[in-house]
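Below: the structure, in structure tokens.
The values are calculated or read from the model by the stated rules, or taken from the named source; none is laboratory data. Worth saying up front: this structure is predicted, and the values here are computed from it rather than measured. Using ideal geometry, Cβ is built from the backbone for each residue, glycine included, and neighbour counts are taken over all protein chains shown. Surface areas here come from the heavy atoms of the whole protein model, side chains and all, with no ligands, DNA or RNA. Shrake-Rupley method; radii C 1.70, N 1.55, O 1.52, S 1.80 Å.
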Amino acid sequence: MNFFAQLIPWRRLDRSLLLALGGLMTFGILFVYSATYNNDLFASASWLRQPHIKQIIFYGAGIGIAFIICLKEYNLLARWSYVFYWLSIVSLVLVLIPGIGSVRYGARRWFDLGFTQFQPSEMVKVAFILAMAQFLSRPRGELKDSAVLFKGLGLAALPFALILLEPDLGSSLMIPPTALAMMYLAGAPKSFIKKLIGGIALFAVIILSYVFFVPKDWKPIQLPDYQKRRLMVYFGADYAKQYAGPGATRAEIRQAQAMQQQDSYNVVQAMISVGSGGLTGRGWKQGIQNTYGYLPRGVAHNDFIFSVIAEESGFVGSTLVIVLYGTIIVAGIRTARRSRDRLGKLLAMGVVTMLFCHVFVNIGMNIRLVPVTGLPLPLLSSGGSSVVCSLMTLGLLQNVRLHQKTI
């Protein structure tokens, strides 16, 4: 015990963060099991390949890496930030190469390691936060230089573009708000921040206009059809107008309507799951939507784990999950506020912003607040890369708390 006490100043650990983390991991194990225990996809799999067992293993691996991250002061880790960043960029390039990257659901996002799939875009998020914090921790006066600011944007634009090419719209969209929050905290001119926000908003409007209003024959670049249909479902666009056309036959119109109903199915069932939970839920492993497969088997334990939690634990359980995430976010903001050095503040803010965006988007797509993007819910969704990298970012946050020079 004395040996470990010399390695890490345990008294400075943020206990509220650890308690919230423990609560989320408990929810993760319980509800990943509930979402998969009667799933035919895993009926013949060995116990070691059951999603809840793999979740426990990934929790253990992530905690171990987070512990290692806490051994050295974040100032020392930041010296290697650019090396870590460029290695992660190389991994994003490699995963796009046929024969190296593994294709699933029409996207090339994974390295197939045999026993599991590794998604480099998750690791890039950690590397980006570390590199961006190191870059922006320079004196405030330097951030008035346009060349410096555009270099910072380049640090964000490169992983954003590469992740978008996979394509992985959800993960790529986590980069801009994180970069924006870190640049604002670092002291970038307000005029630059306003222009950046305006540019992002204009880009979003142009993309939506391009998708919905530009004729297909005029488009030199085609958005993947499944992503276009996700946007159409979210905005309630009529498939008959987009896919059948004005002179379509009744059969073509019915085919378009059937496709629209199929594409809307996951979101509709997720909303039914959330709404049917009531105050206290139907009980663990008693969710009708999940048990009878109305909530599709392939996504219940991943993208739509919040729907399973909401149906089985109700408003109480859903609120508790949000409170646990809120506790971590408040702990991160407190760490950023108390930190005297710029690097510590920026690291904490980067972690907080990334976590908030993940939680907001995932829960939002479960209740149709945002379009479905395939983004996991940190620490709760089944998945090795997401779980391990989420714990790595929280390890960074705890590192700042442990080793910071406080006010």
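How much length is gained on full extension from Ala43 to Phe203, taking 0.36 nm per residue of separation minus their Cα-Cα distance?
This chain segment gains 53.0 nm when fully extended.
Could you rank the peptides 198-205, 147-154, 321-328 by their average count of other C-beta atoms within 10 Å per residue, with the highest value first?
The packing order, highest mean first, is 321-328, 147-154, 198-205.
Just the accessible area per residue of segment 1-147, please: how many Å² with a 1.4 Å probe?
Here the per-residue accessible area is 54 Å².
Can you tell me how segment 351-407 classifies by the Cα gyration tensor, rounded, prolate or oblate, using a/c under 1.5 as the rounded cut?
Oblate.
Is the shape of segment 239-348 rounded, prolate or oblate, going by the alpha carbon gyration tensor and its root eigenvalues a ≥ b ≥ c, with a/c under 1.5 for rounded and a/b larger than b/c for prolate?
oblate
Run the numbers on segment 100-159 and let me know its relative contact order in percent, using alpha-carbon pairs under 8 Å that are six or more apart.
Computed value for segment 100-159: 19 percent relative contact order.
Percent of accessible area on the chain owned by carbon and sulfur, 1.4 Å probe?
Here it works out to 66 percent.
With the contact rule set at Cα under 8 Å and sequence spacing of 6 or more, what percent relative contact order holds for the chain?
The value is 28 percent.
What whole-number distance in Å separates the alpha-carbon centres of segment 363-377 and segment 11-36?
Value for the Cα centre distance between the two parts: 21 Å.
Grab the Cα-Cα distance for Trp284 and Ser102, subtract it from 0.36 nm times how many residues apart they are, and report the gain in nm with one decimal.
Stretched out fully, the Trp284 to Ser102 stretch lengthens by 62.0 nm.
Is segment 1-140 rounded, prolate or oblate when judged by the Cα gyration tensor, a ≥ b ≥ c being the square roots of its eigenvalues, rounded requiring a/c under 1.5 and prolate requiring a/b larger than b/c?
It comes out oblate by the Cα gyration axes.
Taking only protein heavy atoms and a 1.4 Å probe, what accessible area per residue, in Å², does segment 255-350 have with all protein chains in place?
43 Å²
What's the extension gain from Ile322 to Ile57 if we count 0.36 nm per residue and subtract their Cα-Cα distance?
My answer for the length gained is 93.0 nm.
Just the accessible area per residue of segment 148-215, please: how many Å² with a 1.4 Å probe?
Value for segment 148-215: 48 Å² per residue.
Under the definition of Cα pairs under 8 Å and six or more residues apart, what whole-number percent is the relative contact order of segment 130-205?
In percent, rounded to a whole number, it is 34.
Please report, in cubic angstrom per residue, the volume enclosed by the convex hull of the alpha-carbon atoms of the chain.
Value for the chain: 165 Å³ per residue.
Mean Kyte-Doolittle of at least 1.0 and a Cα length of 18 Å or more along the axis: which whole DSSP H helices of the chain meet both?
Long hydrophobic helices here: 15-36, 51-69, 81-95, 120-136, 146-165, 190-213, 305-338, 342-366.
To the nearest 20 Debye, how big is the dipole of the chain about its Cα centre, given +1 on the beta carbon of each Lys and Arg and -1 on that of each Asp and Glu?
Roughly 1180 debye for the chain.
Over 20 Å between C-alpha atoms is what I'm after, so list which of Lys151/Lys194; Lys72/Lys144; Lys195/Lys228; Lys125/Lys190; Lys54/Lys125; Lys125/Lys195 land there.
The pairs that break the limit, which is 20 Å between Cα atoms, are Lys72/Lys144; Lys195/Lys228; Lys125/Lys190; Lys54/Lys125; Lys125/Lys195.
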